[in-house]
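Enquirer: Please see the structure below; I have some questions.
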Amino acid sequence: MSHDPSVREFEYTDQDFDVVRGLIYQAAGIRLADSKRQLVYSRIARRIRALKLQRFRDYLQHLQANEHELEEFINALTTNLTSFFREPHHFDYLRDYFLQHHRPGKKFKVWCAAASTGEEPYTLAITAIEAFQGYTPPVEITATDIDSQVLATADLGVYAEERIERMDAARKKKFFLRGKGRQSGMVKVRPEVRALVEFDQLNLLGASWPLSPPYDAIFCRNVMIYFDKETQLKILRRMMPMLHDEGIYVAGHSESFSEMSGLLKSLGRTIFKPAGR
Ligand SMILES: C[S@@+](CC[C@H](N)C(=O)[O-])C[C@H]1O[C@@H](n2cnc3c(N)ncnc32)[C@H](O)[C@@H]1O
């Protein structure tokens with residue numbers, strides 16, 4: 001059935017869904033499976049409501065006619081699930097990597113390529129502070145994402161307290177400030193943690209990446225899963241030369257493209273180095 005006005009607030013046809021799929025693939029490389037039809041409806045319905053339009057078709061016309069709407073469209077369709085110390089073994093590995101590769105005067109550079117609301121890059125900063133036992137470790141973190149809305153949250157570094165409930169008490173105290181009064185129930189990353197991370201908007205599909213390689217580590221976790229193989233390979237081909245000779249690439253738990261591509265060599269547990277180095 002192409003649309004069911006009895007249950008939906010806005011008219012939404014199969015053709016509308018296909019147009020959305022085509023546009024988000026073109027803009028962000030994100031492949032939406034047939035099963036995402038309802039998800040697309042609920043995400044875009046918010047924009048249609050905000051703009052006081054009647055139908056998906058009206059929204060798609062608005063999108064074509066207003067360049068700035070593309071950002072809202074992309075923000076609406078990205079999936080931003082993340083958490084502090086997600087897949088903790090990657091941070092254990094990085095701490096050891098820092099200590100093993102540290103030389104006097106060396107500054108490590110880490111790129112977090114799909115930073116979402118900031119939990120991942122702040123975990124990288126915490127890892128660096130813990131590794132070097134001081135709030136000014138020799139580590140710079142560049143954190144990027146396509147979604148301007150999540151970047152605004154990341155930039156603030158303010159989270160609901162539940163987001164850190166599984167962290168041990170010492171860590172909470174060392175790396176977060178507790179909100180008081182109207183901010184109660186919220187925590188904010190300490191300025192020393194915030195200072196280690198720079199946030200920038202970057203589309204992994206974009207023609208130019210505003211970055212300054214080489215990097216010691218690229219964390220590109222849980223974003224490649226939204227791309228098709230061809231796009232993944234294109235991105236990996238651009239990323240690998242951006243790593244130092246001993247640099248590492250860290251993928252998400254379900255991202256196993258790895259050796260097939262001939263671009264990466266596995267170091268175990270979805271950690272890789274560029275092939276041939
Ligand atoms: C599921 S989150 C992963 C967050 C974090 N890396 C983690 O593993 O917890 C995926 C992120 O990828 C971002 N993203 C999707 N397409 C992108 C693109 N073309 N360029 C850059 N970021 C993109 C989304 O905005 C989203 O914040």
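The values are calculated or read from the model by the stated rules, or taken from the named source; none is laboratory data. On a predicted model such as this, the values are computed, not experimentally measured, just so you know. A quick note on method: Cβ atoms are made from the backbone with ideal geometry, for glycine too, and the neighbour counts reach across all protein chains shown. Ligands, DNA and RNA are stripped out before the accessible areas are found, and what is left, the full protein with its side chains, is counted by its heavy atoms. Shrake-Rupley method; radii C 1.70, N 1.55, O 1.52, S 1.80 Å.
Enquirer: Could you work out how far the C-alpha centroid of the stretch 1-76 sits from that of the stretch 188-250, in angstrom?
Expert: Cα centres, the stretch 1-76 to the stretch 188-250: 28 Å.
Enquirer: I want the antiparallel fraction of DSSP beta bridges within the chain, as a percent rounded to 5.
Expert: Working: 12 of 31 bridges.
Taking every DSSP beta bridge within the chain, about 40 percent pair in antiparallel fashion.
Enquirer: Mind giving me the nanometre distance, one decimal, between the label points for R238 and R178, set 7 Å out from Cα along Cα→Cβ?
Expert: In this crude spin-label approximation the distance works out to 4.4 nm.
Enquirer: Check each of the GluC sites (Glu not before Pro) in the stretch 209-277 and keep only those in coil by DSSP with at most 10 other C-beta atoms within 10 angstrom; list them in order.
Expert: none
Enquirer: Related question: Taking all protein chains as present, what is the carbon and sulfur share of the accessible area of the stretch 102-202, in % to the nearest whole number, probe 1.4 Å?
Expert: Roughly 49 percent, rounded to a whole number.
Enquirer: Give the shape of the stretch 16-125 as rounded, prolate or oblate, defined through the alpha-carbon gyration tensor: a ≥ b ≥ c are the square roots of its eigenvalues, a/c under 1.5 means rounded, and otherwise the shape is prolate if a/b is larger than b/c and oblate if not.
Expert: prolate
Enquirer: Grab the beta carbon distance between M186 and A207, set R0 = 35 Å, and tell me the FRET efficiency rounded to 0.05.
Expert: Taking R0 as 35 Å, the efficiency between M186 and A207 is 0.35.
Enquirer: Then there's this: Based on Cβ point charges of +1 for Lys and Arg and -1 for Asp and Glu, what charge dipole magnitude is obtained for the stretch 127-181 about its Cα centre, in debye rounded to the nearest 20? Mind dumping the intermediate values first?
Expert: Values: 8 positive and 9 negative charges, 85 e Å.
In total the dipole reaches around 400 debye.
Enquirer: Of S212, Q15, Q61, which is farthest towards the positive pole of the chain's charge dipole, taken about the Cα centre with +1 and -1 on the beta-carbons of Lys, Arg and Asp, Glu respectively?
Expert: S212
Enquirer: Please list the radius of gyration and Dmax for the stretch 89-274, considering alpha-carbon atoms only, with Å as the unit.
Expert: In order Rg, Dmax, the Cα atoms of the stretch 89-274 give 16.6, 55 Å.
Enquirer: Another question, then. In deg cm²/dmol and to the nearest 500, what is the mean residue ellipticity at 222 nm of the chain if only DSSP H runs of at least 4 residues count, each as -39500 (n - 2.57), divided by the residue total?
Expert: My calculation for the chain gives -11500 deg cm²/dmol from helical runs alone.
Enquirer: So for the chain, taking the charge dipole from beta-carbon charges (+1 Lys/Arg, -1 Asp/Glu), which of I235, A154, F175 sits furthest toward the positive end?
Expert: Toward the positive end, the furthest listed residue is F175.
Enquirer: Further, regarding this structure: Which one, I271, Q100, A50, projects farthest toward the positive side of the charge dipole computed for the chain from Cβ point charges (K/R +1, D/E -1)?
Expert: Farthest along the dipole direction, towards plus: Q100.
Enquirer: What is the gain in length, in nm to one decimal, between Y135 and E161 on full extension, counting 0.36 nm per residue of separation less the C-alpha to C-alpha distance? Intermediate values should be presented prior to the final figure.
Expert: Working: separation 26, 0.36 × 26 = 9.36 nm, distance 2.21 nm.
Result: 7.1 nm gained on full extension.
Enquirer: Using a cut-off of under 19 Å, list every residue of the stretch 226-251 whose amide N is near the label point 7 Å from the Cα of R103 along the Cα-to-beta-carbon line.
Expert: Only 242-248 fall inside the zone, counting backbone N under 19 Å.
Enquirer: Same structure again: Note down the magnitude of the dipole of the stretch 157-200 about its Cα centre, charges +1 on Lys and Arg C-beta and -1 on Asp and Glu C-beta and zero elsewhere, to the nearest 20 debye. Intermediate results must be reported in sequence, preceding the final value.
Expert: Numbers: 12 positive and 7 negative charges, 60 e Å.
That gives the stretch 157-200 a dipole magnitude of about 280 debye.
Enquirer: Which entries of K107/K273; K106/K234; K188/K234; K36/K229 have Cα-Cα distances beyond 25 Å here?
Expert: Violating the 25 Å limit, Cα to Cα: K106/K234; K188/K234.
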